[in-house]
Amino acid sequence: MSQPARRVAVLISGEGSNLQALLDAARAGTLGADICVVVSNRAAARGLVRARDANVPARHLGGKNVTRDAYDTALAALLDEYSPDVVVLAGFMRILSPAFVDKFAGRMLNIHPSLLPEYPGLDTHQRVLQAGERWHGATVHFVTSELDAGPGLIQYRLRVREGDTADSLAKKVHVGEHLILPRAVEWLVGGRVRLEDGFIVLDGRRLARPVIVEEQS
Ligand code: GRF
């Protein structure tokens, strides 16, 4: 008998271009999973339209005037309706409580627009430019209770060039994100990667550092 399809829930807050990369990979059969639900904390998130266009349940769960714990309890209950195997944070602009992170320990990935551990937090492109960095990129990492600090699985690296702006860097980082996020999700749902004692094991080997994908130029 064939295995039931793996189920991936995606949490977003905005544009959802990374979600689109996952939807495209799921439709092409290269993700090894179905997207079972998309949840946004913002009603106007374009990603909700992308989900509906792909016939995926698109749910808005507003977070104004609720405590973090109350929000996360409601979010966990909503996700339980869809029984996801894996949760992906794809531009989800809320910090999650330790209880929520624990519930999905080893099953939750985030994409962050920097070469973590460098530049956790917001405004990464601007900060990278201001610091005169030569390299920038994006990281897919396992989510732990410390913000942007979980073990890194895969990174996209690009050179910061003369004349780059925060906008040009954001565009180039997005190109890389759309490459590495579906790949990371495919590895996780396919059982090629797992978290063990806080370390990533890929194809049976402990990863000393994230897998690097270089910009093609
Ligand atoms: C991405 O740059 C991601 O790294 C960050 O938020 C952005 C989301 O972009 N966490 P999109 O909504 O997927 O287009």
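Where a number appears in this text, it was derived from the coordinates with a stated rule and is not lab data. None of these values were measured; they are calculated from a predicted model. Because the Cβ atoms are built from the backbone with ideal geometry, glycine has one as well, and the counts that use them run over all protein chains shown.
Given bins 10 angstrom wide, list per bin the percent of all Cα-Cα distances in region 1-126, short to long.
13, 43, 35, 9, 1, 0
Between beta-carbons, use under 14 Å as the cut-off and find the net charge around V173, counting Lys and Arg +1, Asp and Glu -1.
Once positives and negatives cancel, what remains is -3.
Note down the relative contact order for the chain as a percent, whole number, built from C-alpha pairs under 8 angstrom at least six residues apart.
Answer for the chain is 19 percent.
Enumerate by residue number the chymotrypsin sites (Phe, Trp or Tyr not before Pro) in region 108-181 meeting two conditions: DSSP loop (anything except H, G, I, E, B), and at most 14 other Cβ atoms within 10 Å of the site's Cβ.
none
5 Å is the cut-off here: which amide hydrogens, built 1.01 Å from N in the peptide plane, fall below it relative to N41, excluding neighbours closer than 5 in sequence?
I12, L61
Compute the distribution of all C-alpha to C-alpha distances in region 33-92, in bins of 10 Å from 0, and list the percent of pairs in each, rounded to whole numbers.
Using 10 Å bins, I get a P(r) of 22, 56, 21, 1 for region 33-92.
From the convex hull of the Cα coordinates of region 13-55, what is the mean projected area in square nanometres?
Across all orientations, region 13-55 yields a mean hull projection of 2.7 nm².
Mean Kyte-Doolittle hydropathy of -1.0 or higher plus an axial Cα length of 15 Å or more: which whole DSSP H helices in the chain meet both?
17-28, 68-80, 166-189
Run the numbers on region 138-217 and let me know its relative contact order in percent, using alpha-carbon pairs under 8 Å that are six or more apart.
35 percent
Can you bin region 97-152 into rounded, prolate or oblate? Criterion: square roots of the alpha carbon gyration tensor eigenvalues sorted a ≥ b ≥ c, rounded for a/c under 1.5, prolate for a/b above b/c, oblate for the rest.
Here region 97-152 falls in the prolate category.
Net charge around Q216, counting only other residues with Cβ within less than 12 Å of its Cβ (Lys, Arg = +1; Asp, Glu = -1)?
+1
Restricting to DSSP H runs of at least four residues, report the calculated mean residue ellipticity at 222 nm for the chain, -39500 (n - 2.57) per run over all residues, nearest 500 deg cm²/dmol.
Roughly -10000 deg cm²/dmol at 222 nm, from the helical runs in the chain.
Between Rg and the Kirkwood Rh of region 126-191, both from Cα atoms, what is the Rg to Rh ratio?
Radius of gyration over Kirkwood radius for region 126-191 works out to 1.03.
Only four residue types carry charge here, +1 at the Cβ of Lys and Arg and -1 at the Cβ of Asp and Glu. Report the dipole size of region 157-217 about the Cα centre in Debye, rounded to the nearest 20.
Using only the charged Cβ atoms, the result is roughly 160 debye.
What fraction of the Cα pairs in region 72-217, stated in percent, has a spacing above 28 angstrom?
20 percent
Report the percentage of all Cα-Cα pairs in region 70-116 whose separation exceeds 17 Å, rounded to a whole percent.
33 percent
Which residue fluctuates most in the GNM of the chain (Cα springs below 10 Å): A105, A26, A77?
Most flexible of the set in this elastic network: A77.
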